[in-house]
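Note sheet for the following structure.
The values are calculated or read from the model by the stated rules, or taken from the named source; none is laboratory data. Since the model is a prediction, treat every value here as computed from it, not as a measurement. Methodologically, a virtual Cβ is constructed for each residue, glycine included, from the backbone with ideal geometry; neighbour enumeration extends over all protein chains shown. Only protein heavy atoms, including side chains, enter the accessible area calculation; ligands, DNA and RNA are left aside. Shrake-Rupley method; radii C 1.70, N 1.55, O 1.52, S 1.80 Å.
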Amino acid sequence: RGVSGGERKRAAIGVELMCSPAVLFLDEPTSGLDAFAAQSVMECLRDLKGGVTVVASIHQPRQAIVQSAVHRLVLLSQGRTLYQGPPLEAALAWFERLGLPCPDNCSPTGRWVRTTTGRWAGRRAGSR
C-alpha cells in the first residue's frame, strides 16, 4: 500500500514546518481530505507555536473550519478583495448590510462562495 494523498499532504506540511518558517503559505491544505482530517490539519496550523503566520487558500471551506481555525478571513473574486476581516459573525453582518443576508438554512461559507463567484461579484468588486 502506498501513501494516500492526505498523508502526502500532511507530510509535506510537516517538512515545511521543520525549517521553522516565519510565514507558511499553503494552497488548499484541506483539499482531498475528509472532514475530520481537514479540521485536524487546520486546528494544528492554528495552534502552531513560535510565531508562525499561516496564509492558506481554501476554495470551499467548511463552516466548522472557518469558525474554529481562521483568525482573519479574506474573500476574493476575480483578483479583488471583497471582504477582509474577522470570520463568520462580522462577515455575515457585512454581507447583510450589502443586502445579501445568509438564509437560516444555508451555510455561510457556501453562500459566500456562491456570492463571490456570481454576477454580484463583478458589480461590487470594482470601484464605482
Inset, instruction - Could you run through the range 14-31 and say how many residues are open to solvent by less than 80 Å² (accessible area, probe 1.4 Å) and more than 21 Å from L73 (Cα to Cα)? - result: 3
Inset, instruction - Could you grab me the full set of residues in the range 27-52 that are under 16 Å from the mean Cα position of the chain (by Cα) and hydrophobic (A, V, I, L, M, F, W, C)? - result: L33, A35, F36, A37, A38, V41, M42, C44, L45
Inset, instruction - Report, ordered by the first and then the second residue, all pairs with beta carbons closer than 7 Å, sequence separation of six or more or different chains, a first member in the range 32-54 that is among the acidic types (D, E), and a second member that is in a helix (DSSP H, G or I). - result: E43/S68; E43/A69
Legend entry - Qualifying position, being in contact with a helix residue (DSSP H, G or I) (Cβ under 7 Å, 6 or more places away or on another chain) and either open to solvent by 40 Å² or more (accessible area, probe 1.4 Å) or within 26 Å of R114 (Cα to Cα) (or both), among R8, R46, R1, R72: R46
Inset, instruction - Go over the candidates L75, L98 one by one and state the one that is touching a Phe, Trp or Tyr at 6+ places or on another chain (Cβ under 6 Å) and over 30 Å from S4 (Cβ atoms). - result: L75
Legend entry - Filtered residues of the range 7-48 (kept if over 16 Å from R62 (Cβ atoms), of a type in the set (K, R) and at pLDDT 90 or above): none
Inset, instruction - Give the range 49-69 a look and list any residue that's over 17 Å from T115 (Cα atoms) and open to solvent by 60 Å² or more (accessible area, probe 1.4 Å), or say none. - result: K49, G50, G51, T53, V55, Q67
Legend entry - Evaluation of T81 against (1) over 30 Å from L100 (Cβ atoms); (2) open to solvent by 40 Å² or more (accessible area, probe 1.4 Å); (3) of a type in the set (V, I, T) (one fails), failing number: (1)
